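Worksheet for the structure shown next.
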Amino acid sequence: MGQIPDSYEYQITGQLYSSLKTREERLMEKGMFMLATNDLSDKLTMEKMLGLYKSQQSVEKGFRFLKSPDFLTSSLYLKKPERIEALLMIMTCCLMVYAALEHKIRQELKAKSLYFPNLKYKPYQNPTARWVFFCFQGIHVLTISGDQQRVLNIEERNRTIIDCLGDVYRQIYS
């Protein structure tokens, strides 16, 4: 008796809980931001405005591609505004074709339940057009005696994309 203990130990027991009402309120606040427009027509609903806002991301992605070193735009030097405008028009048209091709491939892969291998060779239904173009490198057309042609180095993954794009492409690559 009268000795001081070497240490004290405490044990706390309890349960965690959260109010469902508070949780719902927090979830409703999550991810809120403000969008403003000067379009006062009744045609533009809040859902449509949000959709238009979110679709800007794909446009920005395309222009980021134009700025990449792979596209070689930094090596061009144009002085006249007319030539700059012409180049921008051509680049914008190229982006439209690029985006349309990517959309068509993704849409057809899903509709036909087909898959295209990604960089890790895993089945994928949302390939970028850039990856598809890369996978088509090394395909050559061999012309024999001026009238016979053979397409060389086509792999199964290339045939998947060709099937998605339709008969015109099948004729080109047959």
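The values are calculated or read from the model by the stated rules, or taken from the named source; none is laboratory data. Everything quoted here is computed from the prediction, not taken from an experiment. Positions of Cβ are backbone-derived with ideal geometry, glycine not excepted, and every protein chain shown enters the neighbour counts.
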Per the list (1) surrounded by fewer than 10 Cβ atoms within 10 Å (Cβ to Cβ); (2) part of a helix (DSSP H, G or I); (3) at pLDDT below 80, residue check on MET34 breaks on (2)
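Just give me the residues in the range 131-154 being free of Cβ contacts under 8 Å to residues at least 12 places away in the same chain, under 25 Å from VAL97 (Cα atoms) and outside any strand (DSSP E or B), in sequence order. Walk me through it before giving the result.
Here is the first cut: in the range 131-154, the residues free of Cβ contacts under 8 Å to residues at least 12 places away in the same chain are 133-134, 137, 141-150.
Now narrow it down to the ones that are under 25 Å from VAL97 (Cα atoms): 133-134, 137, 141.
PHE133, PHE134, GLN137 - these are the residues of the range 131-154 that are free of Cβ contacts under 8 Å to residues at least 12 places away in the same chain, under 25 Å from VAL97 (Cα atoms) and outside any strand (DSSP E or B).
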Among the residues of the range 47-83, what is the count of those that are among the charged types (D, E, K, R), surrounded by 10 or more Cβ atoms within 10 Å (Cβ to Cβ) and at pLDDT 80 or above? 2
Has the range 142-158 got at least one residue that is touching an Asp or Glu at 6+ places or on another chain (Cβ under 9 Å) and surrounded by fewer than 14 Cβ atoms within 10 Å (Cβ to Cβ)? no
Looking only at the range 106-130, filter to residues that are part of a helix (DSSP H, G or I) and of a type outside the set (A, V, I, L, M); which one of those is farthest from LEU95 (Cα to Cα)? LYS110
